[in-house]
Amino acid sequence: MSTENPPQQKQWWLRTRPWAMGALIGLAYTVPARLIFFGLGWPKEGDQSLAFWLVGAMSTAFLFGVPAATGALAVEAAARKSPVTLTQAILLPWVACATAIAVAAITLIEGSICIFLAAPVFFGMGSVGGVAMWLLQRARRKPGAPVALSVALLPLLWGGAEANVRGQPSLYRVDNVQEIAAPPAVVWRHIASVDPIAPEELPWSLSHAIGLPRPIAATLTDQRHGGVRRATFERGLVFREEVTDWQEQKTLAFSIAAEQAPAEALDEHVVVGGQYFDVIDGRYTLRALPNGHTELSLTSTHRLTTTLNGYAGIWSQAIMWDLQRVIMRVVAARCEAAVAAKPPQAGQPR
């Protein structure tokens with residue numbers, strides 16, 4: 001019997017093995033790495049626990065270092081039986097990262113928001129690590145345990161160094177502008193207080209699709225400077241907004257503070273008023289247009305305090321803009337419906 005070609009089952013395993021090794025690395029390395037970083041925050045003064053020398057998941061060490069190491073280890077493991085192609089070096093890390101992300105989602109180690117925001121970096125850095133290992137393999141004859149061990153430890157050493165670098169707070173301003181076919185008096189009534197919002201009033205929103213609570217209503221105690229506005233959202237999330245500027249039909253500005261923020265309302269890394277993220281204030285500005293419409297502007301300020309503000313800031317601004325867009329659309333629809341339902345005054349065109 002000829003033995004030149006391996007049996008069909010062996011051929012199948014040779015084709016499948018690299019991808020199986022990728023999944024195994026995701027389980028054996030990436031998931032434990034997340035557990036090591038899980039729950040750790042920036043070191044506190046006098047803290048002698050593990051967090052004293054290793055930062056948490058909101059760090060460059062975890063977001064960039066762990067997936068790069070994952071990709072490199074996946075390619076290293078797959079190359080132990082047969083050489084890895086460049087295509088495999090790019091795609092094998094995706095299997096490892098996808099496996100780890102799936103486990104994190106199923107076990108609720110991470111929430112949907114954090115998974116969505118981290119996934120692009122994980123897959124991208126995974127491929128970077130995989131290609132780097134592929135290039136290294138071409139320069140040496142066979143995989144080696146010392147290299148694999150060094151790669152595996154790199155994010156932990158990186159995290160230890162990053163623990164000495166404090167994340168600096170950065171403030172971001174987000175602006176939305178909407179032209180509404182209604183006069184300022186009508187628009188003002190619909191922004192000072194917001195009646196309960198029915199689900200069908202809300203347009204599709206990326207921010208809500210990835211798990212952020214939807215707005216419910218906003219009530220105002222006193223129509224003046226110093227009045228308190230309470231904005232409620234799904235899952236028991238409530239914000240206390242104190243009016244800091246009240247100019248009838250022109251400006252409504254307010255500070256923002258989380259009054260109720262249940263653990264189930266937001267992922268731990270995006271808790272408003274938390275260690276990493278906070279919303280500072282908001283401001284509505286109304287401008288009467290010559291055509292009888294109103295230009296409504298909504299501006300907000302939020303804070304990020306991480307060592308990866310450059311990346312997180314892009315997403316935080318996009319999500320805040322999306323959230324504000326939803327509110328503006330609801331206000332516009334209500335104002336325009338109110339104008340359409342009002343009988344025209346004498347002398348006005350129908």
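Taking the Cβ-Cβ separation of residue 193 and residue 264 as r and a Förster radius of 30 Å, what is the calculated FRET efficiency to the nearest 0.05?
Efficiency for this residue pair is about 0.65.
Suppose we take every Cα in the stretch 168-341 and form the convex hull; what volume per residue is that in Å³?
Spelled out: Cα convex hull of the stretch 168-341, divided by residues, is 114 Å³.
Starting from the exponent 0.38 and prefactor 2.2 Å, build the expected Rg for the stretch 192-267 from its residue count and divide its actual Cα Rg by it.
That works out to 1.19 for the stretch 192-267.
Please order 127, 297 by the number of other Cβ within 10 Å, starting at the fewest.
Fewest-to-most ranking of 127, 297: 297, 127.
Can you compute the FRET efficiency between residue 106 and residue 287 using 1/(1 + (r/R0)^6), with r the Cβ-Cβ distance and R0 = 35 Å? Round to the nearest 0.05.
On the way: r = 50 Å, r/R0 = 1.42.
Efficiency at R0 = 35 Å is approximately 0.10.
Which is farthest toward the positive dipole end of the chain among 29, 59, 172, measuring Cα position about the Cα centre, with Cβ charges +1 (Lys, Arg) and -1 (Asp, Glu)?
Selected residue: 29.
Could you give the nm distance between label points at residue 170 and residue 329, where each point is 7 Å from its Cα heading toward the beta carbon?
2.8
Please report, ordered by residue number, every helix of the chain (full DSSP H runs) that is 30 Å or longer along its axis going by C-alpha atoms and whose mean Kyte-Doolittle hydropathy reaches 1.6.
Taking the DSSP H segments of the chain (at least 30 Å long, mean hydropathy at least 1.6), we get 86-107.
Report the full-extension gain for the segment residue 153 to residue 221: residue separation times 0.36 nm, less the Cα-Cα distance, to one decimal in nm. Don't skip to the end; give the middle numbers.
Working: separation 68, 0.36 × 68 = 24.48 nm, distance 5.57 nm.
Answer, rounded to one decimal: 18.9 nm.
Which length gain, in nm to one decimal place, applies between residue 235 and residue 318 when the Cα-Cα distance is subtracted from 0.36 nm times their residue separation? The partial results should precede the final answer.
Details: separation 83, 0.36 × 83 = 29.88 nm, distance 2.24 nm.
Taking 0.36 nm per residue and subtracting the Cα distance, the gain is 27.6 nm.
Report, in whole Å, the centroid distance computed from the Cα atoms of the stretch 242-314 and the stretch 204-228.
Going from one Cα centre to the other spans 10 Å.
For residue 251 and residue 132, compute 0.36 nm times the residue count separating them, minus their Cα-Cα distance, and round to one decimal in nm.
Length gained between residue 251 and residue 132: 37.4 nm.
A short reminder: the numbers here are calculations on the coordinates, not readings from a lab. The structure displayed is predicted, hence computed values, not measured ones. In this analysis, Cβ positions are derived from the backbone assuming ideal geometry, glycine residues included, and neighbour counts consider all displayed protein chains.
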